[in-house]
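Report on the following structure.
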Amino acid sequence: MNLFAKAESGAPKTQAELLFAAQQRKERHFRANVALTWGILLFLLVLLFSGPINIDTTFIKNNMLFIAGGVGETIRISILSIILATILALLAALGRLSTFPPIYALSTFYVSLIRGTPLYLQIMFFFLALPQLDIRMPGLWAGVLALGLNYGAYMSEIFRAGLASVGKGQREAATALGMTPGQTMKRVILPQAMRFAIPPTGNEFIAMTKDSALVSATGFVHELTWRAVKVGRAQFHNLEALIMAAIFYWTMTIILSYIQGVIESRLAKGDR
Amino acid sequence: MTSSIVKISKLDKYFGRLHVLKNISLEVPERQVVCLIGRSGSGKSTLLRCINFLEEPSHGSIEVDGVRVEGGEKGSHHRQLVHDVRLKTGMVFQEFNLFPHMSVLENVIEAPIIVKGMDRKKAIELGEQNLDSVGMLFKRDEYPMRLSGGQKQRIAIARALTMEPRVMLFDEPTSALDPELIGEVLNVMKKLAKDGMTMLVVTHEMGFARDVADRVLVMAEGELIEDSKPEDLFKDPKDPRTKALIDRYRSGEN
Ligand SMILES: Nc1ncnc2c1ncn2[C@@H]1O[C@H](COP(=O)(O)OP(=O)(O)OP(=O)(O)O)[C@@H](O)[C@H]1O
Ligand SMILES: [Mg+2]
């Protein structure tokens, strides 16, 4: 940044400064054009939906608060589910390392079963099938269980890769220092594996905020999609309602992606 | 008879069907510096790693400072003995293996605190003392990523020393270093030898073997084929394989 300022201030410019300035200009040019195109695309999208069909703005105004109220529920279910998923994923990944057959089997069985069936079916299972066995729980918990179990199975691969990313030299050094396998895992392997796993876990969380919409199909969790569908159907304004929900989801993921980027770059810096 | 601090008796090690160590017996008296040389694949690392049970010996026994462990056994008593032996030995690896998520000081004090239950203040005091003696105290709050190989290896030595081991094991401690960084690590090892530490060193550094070692062992195909004072070894090697090895070092390849 400093270098650039100096180059513009009329002081004699070195070859390197000129090249650097040119590159900076090129980068800014590119970013500006991308932003412009985004704006145009957005404008076209708005035009497409507001031109031939008339959007009912009073509907939007009247139902804004109701639909926005689903954001909190969506975030709540996503956070609870990602916590459960992280714990399950970690256990499943550790289970995969076990030399004790039942533990290894439990881990692979869980991952195989969950990955072999649709998420939608799993969610329905918790809401519709379990009550038949007289297992009933609040809608939110059933949703969190279904999402957490599902994401846990997929995320176990992330943690497996994280654990595998720690070289065997680390384990040997810890062992040679007298650490037990448990201490080695807790103090040496896991902290490094976790750092590796944080960025992809962030991605999963962002995906989860959107997949949580599937829970709306049960009718028991009043999150974003459920609310949009409810008022949209009741007042024959599905277009407006769904567009509003889409904007909320999109805004959420943009914010989350931004936070994710900040965390990622902070992790990369100084490797700490 | 002077008491030996390390006693290896009739040690065998198999990797699957591969017979890597063949009936090795060896005693190392306290304060002795032993260099272990031999061609690649002769079993040097495996022998060293059997001493602290990073590799479990198939047969035979290891005794370090009075703790005797039979190879190939199982159970909690065996595990306890292995743990005791590990507390008496420090190991330095070719690849340093510092913990990248910990600062230099944390690397050094972690094990004394969680393994030996050392008081944190005492661990810091001892750790700083050892970092100072390897010339790395000025980097105490740095992270390993930002250090040179030679600096990392000196910290790895300080880390092992802070566990207060009776014997130090070095597996090619300078082989991963740029040539200009080898000297600083060898100097630390020389100082350690002078301070009376018992050391077993796998190395290709013939200069170090000649100047610092009290004794040089030569391994070939899982056996100790030579056990002599460095001056004798270089003057008249007994085994033709030793002669070939030394000629290879002399001609600069290794
Ligand atoms: N974990 C293992 N599993 C199977 N075979 C192994 C293992 N570790 C070592 N070996 C084999 O045992 C033999 C001795 O290996 P070792 O590493 O002890 O040799 P070395 O003398 O240290 O060689 P280098 O100078 O290359 O380090 C080699 O044939 C090697 O391939
Ligand atoms: Mg080796």
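Computed quantities for the displayed model
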read-out: Positive minus negative residues near A:Ser107 (Lys, Arg vs Asp, Glu; Cβ under 11 Å); value: +2
read-out: The protein assembly as shown, dipole about Cα centre (Lys/Arg Cβ +1, Asp/Glu Cβ -1), debye to the nearest 20; value: 820
read-out: Accessible carbon and sulfur surface of chain B relative to its total accessible area, %, 1.4 Å; value: 45
read-out: Surface accessible to a 1.4 Å probe, per residue, for the residues of the protein assembly as shown, Å²; value: 52
read-out: Electrostatic dipole magnitude of region A:71-269 [Cβ: Lys, Arg +1; Asp, Glu -1; Cα centre; debye, to 20]; value: 440
read-out: Interface burial for B against A (accessible surface, 1.4 Å probe, total of both chains, Å², rounded to 100); value: 1900
read-out: Top of A:Ile206, A:Ile135, A:Ile198 by mean-square fluctuation, Gaussian network on chain A, Cα under 10 Å; value: A:Ile135
read-out: Inter-centroid distance (Cα atoms) of region B:213-234 relative to region A:210-258, Å; value: 77
read-out: Region A:71-269, accessible surface, carbon-and-sulfur percent (1.4 angstrom probe); value: 70
read-out: Flagged links, alpha-carbon separation over 31 Å, of B:Lys13/B:Lys139; B:Lys10/B:Lys152; A:Lys13/B:Lys152; B:Lys139/B:Lys194; value: B:Lys13/B:Lys139; B:Lys10/B:Lys152; A:Lys13/B:Lys152
read-out: Net dipole in debye of chain B [+1 Lys, Arg Cβ; -1 Asp, Glu Cβ; about Cα centre; nearest 20]; value: 240
read-out: Listed residues A:Leu140, A:Leu163, A:Ile83: farthest to the positive end of the dipole of region A:71-269 (Cβ charges); value: A:Leu163
read-out: Average partner coverage of A:176-189, which counts Cβ from other chains inside 10 Å; value: 6
read-out: In region B:18-58, GluC sites (Glu not before Pro) in a DSSP loop with at most 16 other beta-carbon atoms within 10 Å; value: B:Glu30
read-out: GNM result for chain A, Cα springs below 10 Å: residue of A:Trp38, A:Trp226, A:Trp141 fluctuating most strongly; value: A:Trp38
read-out: Cα gyration tensor category, rounded, prolate or oblate, for chain A with a/c compared to 1.5; value: oblate
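The values are calculated or read from the model by the stated rules, or taken from the named source; none is laboratory data. Here the structure is a predicted model, which is why all the values come from computation and not from measurement. Please note: Cβ atoms are built from the backbone with ideal geometry, for glycine as well, and neighbour counts cover all protein chains shown. With ligands, DNA and RNA removed, areas are computed over all heavy atoms of the protein, side chains included. Shrake-Rupley method; radii C 1.70, N 1.55, O 1.52, S 1.80 Å.
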